[in-house]
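Colleague: I'd like to ask some things about the structure below.
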Amino acid sequence: MLPPFGGNRMKAIEAIDITKVYPNGVVANKNVNISVEQGEVHAIVGENGAGKTTLMKIFFGIEKPTSGEIKVFGKRVHINSPREAIALGIGMVHQHFMLVPSFSAAENIMLGIEPRKRFFSVDFKKMESIIGDYAKRLNFQIPLWEKVLDLPVGVKQRIEILKALVRGAKILILDEPSSVLTPQEVNDLFEVLKRLVQNDLTVIFITHKLNEVKQIANRITVMRNAQVVGTYENKDVTETDIVELMIGRKFEYDIKREPKEPGEILLIVKNLNYFREDGAHILKNISFSLRAGEILAIAGLEGNGQKELVEILTGLREKATGQILLNGDDIMGSHPWEIRRAGVSHIPEDRVEVGCALDLSIAENLISDRFHLNPFSTRLVYKKKHVIEFAKKMIKEFDVRAKSSTTMVRMLSGGNMQKVVVAREMTNSAKIVIANQPTHGIDVASSEFIRKKLMQIRNEGKAVLLISTDLQEVLQISDRILVLYKGEIVAHLRNENITETDLGYYMLGVKRQSEEQIKESVNL
Amino acid sequence: MSDFLNPQFWYSVIRVSTPLFFGVIAALLSSITGTINIGIEGMMLMSAFWGTIVGSLAQNPWVGLLAGIVSSTIMAVILAYFHLKLKTDLVIGGVALNLLSSGLTVFMLYAITGDKGSSASLKSFIIPRVDLPLLKDIPFIGKVLSGHNALTYIAIVSVFLINYLVKKTPLGIRMRSVGQNPDAAVSVGISVTKMKFLSLILSGIFAGFGGAFLSMGYVSWFARDMTSGRGFISIAAQALGGSSALFGAFGALLFGIAEATGITLQSLRIPSEITNMLPFILTIVVLIIYARSRIRSHSRIQEQ
C-alpha cells in the first residue's frame, strides 16, 4: 500500500519559491511553492490572472522564472524550452490546441519525431503501429488519417494527449481541458485521466470548474493574486470553500430567476438556412421566436452552428436564407449597423478580436456604438468630457477594475474586458441583446456578475438570446432552452426540472424531440 | 497557329520556363514556412552576375555556377538574419535586397568590364547542353525534350525531388507545420526560427540556380536587370500551385508558353514592347481567375 498523497511519496514536479515578473512589471507568480506527487491528479484552481497559466508555462519551458527553482523527480532542473521540458518527461495539453489543421491526426501526433524509412521519407506504416500501441492502452478510438480540421474537439484533445504520451511524458499538464467538452465527454476524459494515473503518470489539471475538481482531483492547489493560498486534500474542502479561497472572501450564488410572464414577441426567425462557403449545410430550418422579458438560451456543443447563427442574426455573415423578423421587418441580409439601429445589440463570442478595439481606451470602447450621438458629440467634434463622465459611471456600475477610464483595453484582464463589452451592449437603447458565450473563459466572480446583469435586463423587459456551451449557466438563468445539434434545433425545453445530463443527451444528438414539440418554440 | 505544332516552339517553352522552374521552387520552399521570399528576383540577378563573371575569370562555367549560387545564398542569409534575428519586415527586407542587387550588379559590372549595360566584352563560358540518348531519336518529343542545357534537366529533376521533400519527408512535414501553425511546431520542440532560416537558405540556393541559368545558358552574358521580373512571376506561379511543386511547375510552364508566344509573335512584326508584356498580362489574368475561383467568405468580420 502506497502512502497517501501529501506524505512521503515521490515528488514528480516541484516549484520552490518561484517568482515571475514580466518585463512590463506585472508580477504573475510570487514565491510560489507547489509539490505534485507521482501518480496523483493535482488540480490547480484560481481566477483568471491568478498565475496558474504562468506557472504551467514555467513548468513547460515557455517562460523562465525570475527567481526560484524547479525540481523534476527530485532533480533540480532549468527548463529553457518546451523541447527540454519534453525531454524531462513533461507534456502539456494547451487550452487552445496546438495542432496543424490540414495534417492528419497521425502526422500531428508524430510531428517532429516521425519514423523514417529509406530515402529519408516518413514511414507512415510504422507511425500507425506506434500510435496504435498507445491508443490501445488508453482505449482510444482515433481516425488516424483524417484531417484534424474535420475532427470533433473531444478527439482533438485525445490527439493532444497522445502527442504528449508518444514523446514519453510522465507528467501531463492539462490547461482547462474540460472547457470545450460536453458532460459526457468530460466523463470520458476523466476515465482517460484515471487510466493515465493507473499507468503511473502524473496529471496536473488546471480548471475553474469546481465540480470537476471535486470529482477527479486527489489534491487541490488554490492560487490567488499570483500566490499559492494552499494545497488541500480533496476530501477536506467543499466547493464553496474552494471558491472562497479563490476569491478571498465570502461568496454566495444569489442569482434568482423570478417567474415572469414574458411580454410581446420581439424577434421571429423563420426557416433560416445557411450553406457555408464550402457548401456545408450549417443551419437547417432554424425557427424560433423571442419575447420581451425572457432569456432564451441556445445550448449546444461548440461548432454546431451557433457562431454562424449569431453572425447571421447580427448581420456579420451574409448569404443565409429565410426570414428574421424584427418588429415585422425582415432584416435578413441587412448591414450590422442597420440591425443595431433597429434595436439588436450583440455581445460577441470573441471579445478580443470582435468585441473591443484593444488599443483604444475603456471610455472609447464604451461609446463605440454611440459616439456620433448626443451627448458624446456634436455634428463635428466629440465631447471628451461627456465621454469620460459616462465612462466613469459605467466603470462603477459594471465593476470594471482598471486604473482609469482612459486605460487601454488591452491592459485589462479577460473578465474586465468582457465587462466593458457588456456595459456597452446593455446600456444602449436596444430591446434585444444577443449574448454569445458572455462568460466563456472568465473568472467566477465576473461570470456571476455578468449573469446577474443579464437577469437584471431581462427583468427590466429586454429580451436576451443567450448562446452558451456552459450548461450550468444555461440552467441557472434561462427561461427557455433550444438545443442546437449539427445545425438543427433538436429540442425546445422550458427550464423546469431539467438536468445537465438531460441537456447533454440532446446536445450529443442521442435524443431529439418530435417536430411538434419543437414547433412550439415558434408559435409561443 | 502552325507555330504551336512546331517542336521548336515547345523546345523554347521549356527553355524559357527553366528559370521559372527554379524560381517556383525557391518561392515554394520559402512560402511553406510562411516566410515568402520577395527577394528571389534580386537573388537571381546576383547569381546571374557573379555566375558569368566568376565563370569567365575561372574559365569554367561550373565554377561560375557555384559562385552564382554562393552569392544568392549569401543574400538569403542576409534576409534571414534581418527577418529572423532583427525582426525586420520580410517584404521590406526582400524589396531592399532587390534594389541592392539591381544597383550593385551594375556598379560591379562597370568596375570590372567598364560597361554599364552588359558583360559582352568578357569571354563567357556556358553550362553545356545535353543530348538525351534514346529520347532524342523519338520524333517531335525528342526535338522538344532533348538538347537542353544541363541546368534545365537539373530544374526538372529538382521539381520532383522538392515535391517529394515537401510532401513525404520529415523535414517537409516540419517545414509545413511551421508555416501553418507555428505554435503547434513549438509545442513539439520544432524550432520555428531554424526551419524558417533553412527554408530561406534553400530558397536562395534555388534562386541562384535560376539566375545562373539566365547568364550561362539562356544567353551567354550578363545584362543589367536581366531577370526582368522572373522572380516575381515565379512567386505568382507558385501561388497557383499551392503547396505542390508539380502544380507550381505547371504554372511556370504556362508563363513559359506566354513568353515563348511573345517571342514567336515578334517574328510577325508585332513590336517587342507589346509581346514582352504577354507574361505580365497573363500574370494579371491568372491572378484574377485564381482570386475569383477561391471561395469568398460570407463573413463580414475580417480574418485576423
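The values are calculated or read from the model by the stated rules, or taken from the named source; none is laboratory data. Quick caveat, the model's predicted, so the values are computed rather than measured. As a convention, Cβ positions derive from the backbone with ideal geometry for all residues, glycine included, and neighbour counts pool all protein chains shown. To get the accessible areas, we keep the full protein, side chains included, count just its heavy atoms, and leave off ligands, DNA and RNA. Shrake-Rupley method; radii C 1.70, N 1.55, O 1.52, S 1.80 Å.
Colleague: Keeping every protein chain present and rolling a 1.4 Å probe, give me the accessible area per residue for segment B:7-303 in Å².
Modeller: 44 Å²
Colleague: Sequence gap at least 6, Cα distance under 8 Å: using those rules, report the relative contact order of chain A to the nearest whole percent.
Modeller: It rounds to 14 percent for chain A.
Colleague: Counting only protein heavy atoms and using a 1.4 Å probe, what share of the accessible area of the protein assembly as shown belongs to carbon plus sulfur, as a whole percent?
Modeller: Within the protein assembly as shown, the accessible surface is 57 percent carbon and sulfur.
Colleague: So which aspartates and glutamates pass the test for A:Lys519, namely a Cα distance under 15 Å, with those fewer than 8 places away in the same chain ruled out?
Modeller: Result set, ordered by chain and number: A:Glu488.
Colleague: Would any residue of segment A:14-56 have its amide N under 14 Å from a label point 7 Å out along Cα→Cβ of A:Met411? List them or say none.
Modeller: Output list for this probe position: A:24-27.
Colleague: Just subtract the alpha-carbon distance of A:Asp278 and A:Lys64 from 0.36 nm times their residue separation and send over the number in nm, one decimal.
Modeller: That works out to 72.7 nm of additional length.
Colleague: Still on this structure, please answer the following. In percent, how large is the relative contact order of segment A:97-169, given Cα pairs closer than 8 Å and 6 or more residues apart?
Modeller: Values: 73 pairs, mean separation 33.5, N = 73.
Averaging sequence separation for qualifying contacts and normalising by length gives 46 percent for segment A:97-169.
Colleague: Let me ask something else. If you wrap segment B:82-173's Cα atoms in a convex hull and average its projection over all directions, what's the area in nm²?
Modeller: For segment B:82-173, the mean projected area of the Cα convex hull comes to 10.9 nm².
Colleague: Next question, about the same structure. Would you please give the FRET efficiency between A:Arg257 and B:Arg296, computed as 1/(1 + (r/R0)^6) with r the Cβ-Cβ distance and R0 = 45 Å, to the nearest 0.05?
Modeller: Using R0 = 45 Å, I get an efficiency of 0.55.
Colleague: Tell me which lysines have Cα within less than 18 Å of A:Lys383's Cα, excluding those fewer than 8 residues away on the same chain?
Modeller: By straight Cα distance, A:Lys383 reaches A:Lys392, A:Lys393.
Colleague: If you don't mind, another one. Kindly point out which whole DSSP H helices in chain A project their C-alpha atoms 15 angstrom or further along the helix axis while averaging a Kyte-Doolittle hydropathy of 0.5 or above.
Modeller: Helices meeting the criterion: A:153-166.
Colleague: Assuming R0 = 41 Å, what is the FRET efficiency of B:Ile270 and B:Leu100, from their Cβ-Cβ distance, to the nearest 0.05?
Modeller: Efficiency, rounded to the nearest 0.05: 0.70.
Colleague: May I pose another question? Would you work out which of A:Gly414, A:Ser377, A:Ile367 lies farthest towards the positive end of the dipole of segment A:353-428? Charges go on Cβ: Lys and Arg +1, Asp and Glu -1.
Modeller: Projecting each Cα onto the dipole axis, the largest value belongs to A:Ser377.
Colleague: Normalised by the number of residues in chain B, what is the relative contact order in percent for Cα pairs under 8 Å and 6+ residues apart?
Modeller: It comes to 33 percent, rounded to a whole number.
Colleague: Would you check the accessible area of A:Arg224, probe 1.4 Å, heavy atoms only, in square angstrom rounded to 10?
Modeller: 80 Å²
Colleague: Determine how large the accessible area of B:Phe82 is when every protein chain is in place; take a 1.4 Å probe and give Å² rounded to the nearest 10.
Modeller: 90 Å²
Colleague: What is the Cα centroid distance between segment A:301-330 and segment B:181-244, reported in whole angstrom?
Modeller: Result: 44 Å between the Cα centres.
Colleague: For A:Lys117, what is the net charge nearby, where nearby means another residue's Cβ is under 11 Å from its Cβ and Lys, Arg count +1, Asp, Glu -1?
Modeller: +3
Colleague: Also, quick follow-up: Which lysines does A:Lys117 reach when only Cα atoms under 16 Å apart count, and residues fewer than 8 places away in its own chain are ignored?
Modeller: Once the sequence-local lysines are set aside, what remains near A:Lys117 is A:Lys125, A:Lys126, B:Lys167, B:Lys168.
Colleague: Which cross-chain or sequence-distant (5 or more) residues have an amide H under 5 Å from the amide H of A:Val93, H modelled 1.01 Å from N in plane?
Modeller: Under 5 Å from the amide H of A:Val93 lie the amide H atoms of A:Ile173, A:Leu174, A:Asp175, each far enough along the sequence or on another chain.
Colleague: Which peptide among A:134-142, B:187-195, A:511-519, A:438-446 comes first, and what is the full order, when sorted by highest mean count of other Cβ atoms within 10 Å?
Modeller: By packing density, highest mean first, the sequence is A:438-446, B:187-195, A:134-142, A:511-519.
Colleague: Report, in deg cm²/dmol and to the nearest 500, the calculated mean residue ellipticity at 222 nm for chain B, where each DSSP H run with n ≥ 4 adds -39500 (n - 2.57) and the sum is divided by the residue count.
Modeller: Value at 222 nm, helices only: -22500 deg cm²/dmol.
Colleague: Hey, another quick one. Give the Kirkwood hydrodynamic radius (Å, one decimal) of the protein assembly as shown, defined as one over the mean of 1/r across all pairs of different Cα atoms.
Modeller: 30.8 Å
Colleague: Quick check: net charge around B:Phe280, other residues with Cβ under 13 Å of its Cβ, Lys/Arg +1 and Asp/Glu -1?
Modeller: Combined, the nearby Lys, Arg, Asp and Glu give -1.
Colleague: Right, next: Give the accessible area for A:Tyr506 in Å² (nearest 10); use a 1.4 Å probe, count only protein heavy atoms, and leave out ligands, DNA and RNA.
Modeller: Estimated to the nearest 10 Å², A:Tyr506 gives 30 Å².
Colleague: Keeping all protein chains in place and using 1.4 angstrom, which order do A:Asp254, A:Asp329, A:Asp479 fall into by accessible surface area, from largest down?
Modeller: Greatest to least solvent exposure: A:Asp329, A:Asp254, A:Asp479.
Colleague: Ranked by accessible surface with a 1.4 Å probe, highest first, in what order do A:His281, A:His208 come? Show your work: numbers first, answer last.
Modeller: Numbers: A:His281 70, A:His208 40 Å².
Highest to lowest solvent-accessible surface, that is A:His281, A:His208.
Colleague: What FRET efficiency comes out for A:Leu360 versus B:Gln8 if R0 is 56 angstrom and r is the Cβ-Cβ distance? Round to the nearest 0.05.
Modeller: After rounding, the FRET efficiency stands at 0.30.
Colleague: Tell me the label-point distance for the pair B:Ile141, B:Lys87, using the 7 Å Cα-to-Cβ offset, in nm and rounded to one decimal.
Modeller: The answer from the label model is 5.6 nm.
Colleague: Nothing charged except the Cβ atoms of Lys and Arg (+1) and of Asp and Glu (-1): what's the magnitude of the dipole of the protein assembly as shown about its Cα centre? Round to the nearest 20 debye.
Modeller: Details: 92 positive and 77 negative charges, 324 e Å.
Around 1560 debye, computed over the protein assembly as shown.
Colleague: Quick one: ranking A:Met92, B:Met108 by accessible area, 1.4 Å probe, largest first, what do you get?
Modeller: Largest accessible area first, the list is B:Met108, A:Met92.
Colleague: A further question follows. I'd like the distance between the alpha-carbon centres of segment B:246-304 and segment A:167-205, rounded to an integer number of Å.
Modeller: Measuring centre to centre over Cα atoms gives 52 Å.
Colleague: Also, quick follow-up: How crowded by other chains is A:111-118, given as the mean number of beta carbons from other chains within 10 Å of each beta carbon?
Modeller: Taking all residues of A:111-118 together, the mean is 4.
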